[in-house]
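Reviewing the structure listed below.
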Amino acid sequence: MKVTQLSSSTVLIKTSDLKILCDPWLENGEYYGSWSMLEKIDLKKSYKICDSADYIYISHIHPDHASKKTLKKISKEKKFLIHKYASPFLKRNLNILGFKNIIEVENNINLNLSKETSVKIFAADDCNPEICKKFLGCNYETSEIGKRSQQIDSALVIKNNNNTLVNLNDCVYDMTKSVLKKIIKIYKKVNICLVGYNAASEYPQTFKNLNYKQKINECKKIKKQFLEYTKKFVNDLNVDYFIPFAGEFYLSGRFHKLNKYTPTTSRNECYNYFNKSELKNKFIMLNYGKTFDLDKPQSNYKSLTKNYLTERKRKLSKIKYVYDDTKKPTHIEIEDLLIKSFDRVSFRQKLFNLRSNTQLSIKYFNKFFNIDFSKEDAKFSIENKKPKKNYLSISCDERLLKRILLGPKYAHWNNASLGSHISFDREPNKFDRNVHGLLNYLHS
């Protein structure tokens with residue numbers, strides 16, 4: 001069994017009789033232009049490797065795993081493997097891109113792809129709504145579809161003869177513990193584990209209520225936490241070898257100055273950390289385009305030099321965002337869209353039976369659209385100021401705001417947030433799951 005890493009989470013897994021490409025993202029500038037990769041990719045060689053795959057597995061819908069810019073350059077005849085989600089967002093997006101040969105795999109159901117290779121796909125929460133609800137609060141629906149998990153992350157297990165590989169992608173450790181136990185029980189032995197070591201998050205870099213020192217301290221804490229999660233994954237699965245990957249990005253374009261506050265462990269930092277850890281004999285780090293062979297296990301990672309990184313950062317800082325060349329909307333256009341969007345979010349609040357003492361405040365130009373979720377019927381007001389306390393205030397470029405309010409076809413709150421396009425201010429500095437969850441429905 002061989003693993004070739006092409007980029008952050010993009011790997012080609014070669015078994016004895018077929019090839020499976022995972023999570024294609026090769027083109028810089030995803031998340032509306034702000035996510036790129038510091039390590040340069042040989043695009044010609046990488047697309048050739050992609051074309052050689054028999055199957056393409058996509059773990060979930062986020063652009064660094066299902067890059068539309070990348071998928072548009074891949075043959076429409078390819079066979080896709082995806083988890084059978086409660087809501088078919090991923091399948092629908094693949095259909096829109098022109099892909100028709102999509103196999104939806106039920107949770108923990110074995111699928112034989114060839115004579116010697118089989119796969120299973122697990123939802124990160126093992127399709128258990130109680131787990132999903134505990135961590136994400138995502139199972140609010142009262143319909144039949146809502147009685148199943150809405151979790152978007154998944155893990156892939158590949159069995160080839162006597163070898164087993166587990167691809168954990170962006171799975172969160174605490175949510176995935178029950179899945180890990182099942183994998184060990186079913187497969188007994190895991191030879192290779194591909195495991196994330198980063199927190200892909202907008203916190204703390206986009207939060208205005210934190211000062212410089214607070215942001216730096218939060219970064220250190222989050223980085224350490226996720227490196228420890230990686231260790232737990234490796235130890236729980238008792239793997240022979242693990243390859244840290246995924247969540248590897250650099251904020252490109254004009255937001256590049258936020259990178260110093262972003263809780264993203266660099267590839268060099270990851271290499272130095274695990275190379276000195278108790279797991280160093282199991283640790284494999286790959287440069288993009290390089291291959292790990294289970295029959296000849298060795299790690300030949302070459303650290304990226306300071307000059308190399310400086311030049312790459314300079315180039316990536318010049319990337320433009322997808323909305324930069326669009327016309328600025330008027331405040332009337334934004335207000336009309338906000339009022340229309342309010343109807344949708346108000347309906348969702350009633351459907352989910354959610355309330356919150358945190359007021360949501362959306363800044364546009366010099367005004368604030370304030371939403372009060374404290375009662376069964378949400379109320380909005382248009383003010384010249386945000387609330388004084390118990391608020392979550394958000395702002396972004398009005399051109400992007402218009403796209404988001406027009407609906408997911410144009411842009412989405414979650415992707416804009418992860419891409420660091422949205423600035424947050426909150427009092428108190430505490431995550432309110434209900435308000436953040438409802439925000440995703442604020443569109444027309």
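The values are calculated or read from the model by the stated rules, or taken from the named source; none is laboratory data. Quick caveat, the model's predicted, so the values are computed rather than measured. Methodologically, a virtual Cβ is constructed for each residue, glycine included, from the backbone with ideal geometry; neighbour enumeration extends over all protein chains shown. Heavy atoms of the whole protein, side chains included, go into the accessibility calculation; ligands, DNA and RNA do not. Shrake-Rupley method; radii C 1.70, N 1.55, O 1.52, S 1.80 Å.
Okay, residues lined up against (1) over 23 Å from Leu81 (Cβ atoms); (2) part of a strand (DSSP E or B); (3) at pLDDT 95 or above:
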| position | (1), (2), (3) |
| --- | --- |
| Glu130 | yes, no, no |
| Phe135 | yes, no, no |
| Ile152 | no, no, no |
| Leu156 | no, yes, yes |
| Val166 | no, yes, yes |
| Ile184 | no, no, yes |
| Val195 | no, yes, yes |
| Glu202 | yes, no, yes |
| Leu210 | yes, no, yes |
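Scan (1) more than 30 Å from Leu210 (Cα to Cα); (2) touching a residue at least 40 places away in the same chain (Cβ under 8 Å); (3) out of contact with any helix residue (DSSP H, G or I) (no Cβ under 8 Å at 6 or more places or on another chain); (4) not in a loop (DSSP other than H, G, I, E, B) for the single condition Phe255 breaks and write down its number.
(1)
Of the conditions (1) in contact with a helix residue (DSSP H, G or I) (Cβ under 9 Å, 6 or more places away or on another chain); (2) open to solvent by less than 10 Å² (accessible area, probe 1.4 Å); (3) among the hydroxyl-bearing types (Ser, Thr, Tyr); (4) over 25 Å from Asn162 (Cα atoms), Tyr32 clears all except one; give me its number.
If we test Tyr32 against (1) in contact with a helix residue (DSSP H, G or I) (Cβ under 9 Å, 6 or more places away or on another chain); (2) open to solvent by less than 10 Å² (accessible area, probe 1.4 Å); (3) among the hydroxyl-bearing types (Ser, Thr, Tyr); (4) over 25 Å from Asn162 (Cα atoms), just (2) comes out false.
Picking from Lys375, Lys315, which residue would you name as being more than 29 Å from the chain's Cα centre (by Cα) and either open to solvent by 50 Å² or more (accessible area, probe 1.4 Å) or among the hydrophobic types (A, V, I, L, M, F, W, C) (or both)?
Just one listed residue meets the conditions, Lys375.
Given the residues Leu354, Leu406, which is the only one that is surrounded by 15 or more Cβ atoms within 10 Å (Cβ to Cβ) and closer than 28 Å to Ser67 by Cα?
Leu406
Select, from Lys302, Lys296, the only residue that is under 28 Å from the mean Cα position of the chain (by Cα), more than 27 Å from Gly33 (Cβ to Cβ) and in a loop (DSSP other than H, G, I, E, B).
That would be Lys302, the only listed residue that is under 28 Å from the mean Cα position of the chain (by Cα), more than 27 Å from Gly33 (Cβ to Cβ) and in a loop (DSSP other than H, G, I, E, B).
Given (1) among the aromatic types (Phe, Trp, Tyr); (2) open to solvent by 10 Å² or more (accessible area, probe 1.4 Å); (3) in contact (Cβ under 8 Å) with a residue 40 or more places away in the chain; (4) touching a helix residue (DSSP H, G or I) at 6+ places or on another chain (Cβ under 9 Å), identify the lone condition not met by Phe342.
Among (1) among the aromatic types (Phe, Trp, Tyr); (2) open to solvent by 10 Å² or more (accessible area, probe 1.4 Å); (3) in contact (Cβ under 8 Å) with a residue 40 or more places away in the chain; (4) touching a helix residue (DSSP H, G or I) at 6+ places or on another chain (Cβ under 9 Å), Phe342 violates only (4).
Checking the structure you have, find out if any residue of the range 196-206 is buried (at least 16 other Cβ atoms within 10 Å of the Cβ) and under 23 Å from Thr310 (Cβ atoms).
Yes.
Within the range 4-14, can one find any residue that is open to solvent by 10 Å² or more (accessible area, probe 1.4 Å), in a loop (DSSP other than H, G, I, E, B), more than 19 Å from Val166 (Cβ to Cβ) and not aliphatic (A, V, I, L, M)?
Looking through the range 4-14, none of the residues is open to solvent by 10 Å² or more (accessible area, probe 1.4 Å), in a loop (DSSP other than H, G, I, E, B), more than 19 Å from Val166 (Cβ to Cβ) and not aliphatic (A, V, I, L, M).
Read through the list (1) in contact with a Leu (Cβ under 8 Å, 6 or more places away or on another chain); (2) surrounded by fewer than 22 Cβ atoms within 10 Å (Cβ to Cβ), then give the number of the only condition that Lys185 fails.
It is condition (1) that Lys185 fails.
Taking Phe369, is it of a type in the set (A, V, I, L, M, F, W, C), surrounded by 13 or more Cβ atoms within 10 Å (Cβ to Cβ) and closer than 18 Å to Trp413 by Cα? Steps first, answer last, please.
Details: of a type in the set (A, V, I, L, M, F, W, C): yes; surrounded by 13 or more Cβ atoms within 10 Å (Cβ to Cβ): yes; closer than 18 Å to Trp413 by Cα: yes.
Against the criterion (of a type in the set (A, V, I, L, M, F, W, C), surrounded by 13 or more Cβ atoms within 10 Å (Cβ to Cβ) and closer than 18 Å to Trp413 by Cα), Phe369 qualifies.
Taking the range 320-339 on its own, how many of its residues are of a type outside the set (Ser, Thr, Tyr), assigned to a loop (DSSP other than H, G, I, E, B) and open to solvent by 50 Å² or more (accessible area, probe 1.4 Å)?
5
List pairs: first residue in the range 186-198 and closer than 29 Å to Pro263 by Cα, second residue open to solvent by 20 Å² or more (accessible area, probe 1.4 Å) and of a type in the set (Ser, Thr, Tyr) anywhere in the structure, Cβ distance under 9 angstrom, at least six positions apart or on different chains.
Ile192/Tyr241; Cys193/Tyr241; Val195/Tyr229; Gly196/Tyr229; Tyr197/Tyr229; Tyr197/Tyr273; Asn198/Thr264
Give Leu360, Leu309, Leu286 a once-over and let me know the one that is in a loop (DSSP other than H, G, I, E, B), open to solvent by less than 40 Å² (accessible area, probe 1.4 Å), of a type in the set (A, V, I, L, M) and on the phi < 0 side of the Ramachandran plot.
The unique qualifying residue is Leu286.
Looking only at the range 395-432, count every residue that is among the hydrophobic types (A, V, I, L, M, F, W, C) and under 17 Å from Asn357 (Cβ atoms) and tell me the total.
1
Please state which of the following conditions Lys280 fails to meet, knowing it meets all the rest: (1) open to solvent by 70 Å² or more (accessible area, probe 1.4 Å); (2) outside any loop (DSSP other than H, G, I, E, B); (3) under 29 Å from Asn300 (Cα atoms).
Just one mismatch for Lys280, condition (2).
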